[in-house]
Amino acid sequence: MSTLPRSRTGTVVAGRYALVDQVGAGAMGSVWRARDERTGDEVAVKVLGRPGSALLARFVREQAVRVRHPHVVAPHGWAAEDDLVVLAMELVRGGSVADLLREHGPLDAGTVAAILEQLLLGLGAVHAAGLVHRDVKPANLLLEATPGGAPHLRLGDFGVAAPVADRRFTTVPGAIGTDGYMAPEQARGAAPDPTQDLYAVGRVALELITGLPPLQQGAIPSHPLRPLLERLLVADPEQRLVSADAALRLLRRLPVPPPECPGVPDRLGRRPGEAAGRVDVVGWAVVATLLTVIAGCLCVLLGWWA
């Protein structure tokens with residue numbers, strides 16, 4: 001499936017979402033920064049052109065997600081017009097945990113713990129809403145831009161989320177999720193269950209610690225977070241931690257050092273052409289003010305003000 005061409009910049013979809021610039025692309029289509037003409041807000045929209053029935057079903061499924069939580073970014077609106085379908089959500093400007101790993105490699109124990117705490121808080125809200133995310137991985141853990149502080153995580157991409165134990169969203173044979181992050185029973189096509197997301201949290205945690213993706217990971221190394229990973233990366237779901245809250249309680253009991261927290265930059269910047277004129281005006285105003293002050297000082301020194 002092809003993504004929306006960049007030539008569609010400026011297109012207003014369904015009279016509401018004005019596409020500004022493309023900020024990403026994936027299997028389902030392209031992701032754009034857009035302006036909500038109704039509210040004036042800057043938002044992110046997934047854009048799907050000429051959707052097939054399976055992809056449209058995923059869009060509808062995402063649209064059904066209504067989880068409001070500081071560590072979740074879920075869709076809040078959608079629109080369709082002609083050959084376009086768009087799904088709107090909050091714009092998260094700091095990229096993803098995958099970007100953080102790619103730039104910094106393995107992260108310190110404190111930062112990993114901070115990321116896991118926020119992820120478990122978000123998953124707790126998702127599970128409380130009766131949903132299983134089913135695709136927890138670094139690329140779906142979005143980050144707010146925090147150049148000088150601790151990372152702020154937002155769990156995103158609910159395209160394969162499903163109600164707990166709803167067999168209508170299960171295919172056998174086959175699996176729904178991302179290879180390596182899926183729990184063994186999920187890979188075998190088991191019905192959705194929150195403990196599957198917890199297994200994926202363990203895989204993500206091990207990747208943050210070692211820098212290795214799941215298919216290259218070995219045994220859990222000696223590490224302050226090892227007791228948590230041992231309870232998450234259990235093949236038998238009956239032996240796994242039972243809930244995100246239980247995992248969070250264990251995490252908070254572990255002796256983890258303070259986070260070193262690499263900064264998360266704003267990866268989007270200003271909208272194209274947004275503030276160039278305003279920056280120039282401010283700059284010239286500052287220059288003019290300085291020249292006026294300098295001229296005044298010269299007048300005083302030379303006795304021109306008598």
For residue 246, state whether it is under 22 Å from residue 163 (Cα atoms) and touching a residue at least 12 places away in the same chain (Cβ under 8 Å). no
Residue 205 being within 21 Å of residue 131 (Cβ to Cβ), surrounded by 16 or more Cβ atoms within 10 Å (Cβ to Cβ) and in the same structural domain as residue 109 (by TED's automatic domain parsing): no
Is there a residue in segment 63-71 that is crowded, with 23+ Cβ neighbours inside 10 Å, of a type outside the set (D, E, K, R) and in contact with a helix residue (DSSP H, G or I) (Cβ under 7 Å, 6 or more places away or on another chain)? no
Among the candidates 73, 86, 23, residue that is at pLDDT 90 or above and either in contact with a strand residue (DSSP E or B) (Cβ under 7 Å, 6 or more places away or on another chain) or on the phi > 0 side of the Ramachandran plot (or both): 73
Which condition from (1) more than 17 Å from residue 142 (Cα to Cα); (2) surrounded by 21 or more Cβ atoms within 10 Å (Cβ to Cβ); (3) among the hydroxyl-bearing types (Ser, Thr, Tyr) is the one that residue 111 breaks? (1)
Within segment 88-120, which residues are touching a helix residue (DSSP H, G or I) at 6+ places or on another chain (Cβ under 7 Å) and in contact (Cβ under 8 Å) with a residue 60 or more places away in the chain? 97, 101, 106, 107, 112, 113, 115, 116, 117, 119, 120
Residue check, residue 238 farther than 30 Å from residue 21 by Cβ and more than 25 Å from the chain's Cα centre (by Cα): yes
Matching residues in segment 115-126 - criterion: being under 14 Å from residue 196 (Cβ atoms) and either in contact with an Asp or Glu (Cβ under 7 Å, 6 or more places away or on another chain) or not assigned by TED's automatic domain parsing to the domain that holds residue 192 (or both): 123
Would you call residue 159 modelled with pLDDT under 90 and surrounded by fewer than 18 Cβ atoms within 10 Å (Cβ to Cβ)? no
Exactly one condition in (1) within 24 Å of residue 105 (Cβ to Cβ); (2) surrounded by fewer than 24 Cβ atoms within 10 Å (Cβ to Cβ) is not met by residue 184; state its number. (1)
3 or more residues small (Gly, Ala, Ser): qualifying strands (runs of 3 or more DSSP E) within segment 61-158: 77-81
Would a scan of segment 43-59 turn up a residue that is in a loop (DSSP other than H, G, I, E, B) and under 21 Å from residue 143 (Cα atoms)? no
Return a yes/no flag: does segment 249-267 have any residue that is free of Cβ contacts under 8 Å to residues at least 24 places away in the same chain and hydrophobic (A, V, I, L, M, F, W, C). yes
Right, residue 85: in contact with a Pro (Cβ under 8 Å, 6 or more places away or on another chain), crowded, with 18+ Cβ neighbours inside 10 Å and in contact (Cβ under 8 Å) with a residue 12 or more places away in the chain or not? yes
Options 183, 165: the member that is at pLDDT below 85, assigned by TED's automatic domain parsing to the domain that holds residue 202 and more than 17 Å from the chain's Cα centre (by Cα): 165
Mind checking whether some residue in segment 232-244 is in a loop (DSSP other than H, G, I, E, B), at pLDDT below 95, farther than 22 Å from residue 125 by Cβ and touching a helix residue (DSSP H, G or I) at 6+ places or on another chain (Cβ under 6 Å)? no
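The values are calculated or read from the model by the stated rules, or taken from the named source; none is laboratory data. Keep in mind that what you see is a predicted model, and the values were worked out from it rather than measured. Ideal geometry is used to build each Cβ from the backbone, glycine not excepted, and the neighbour counts take in all protein chains shown.
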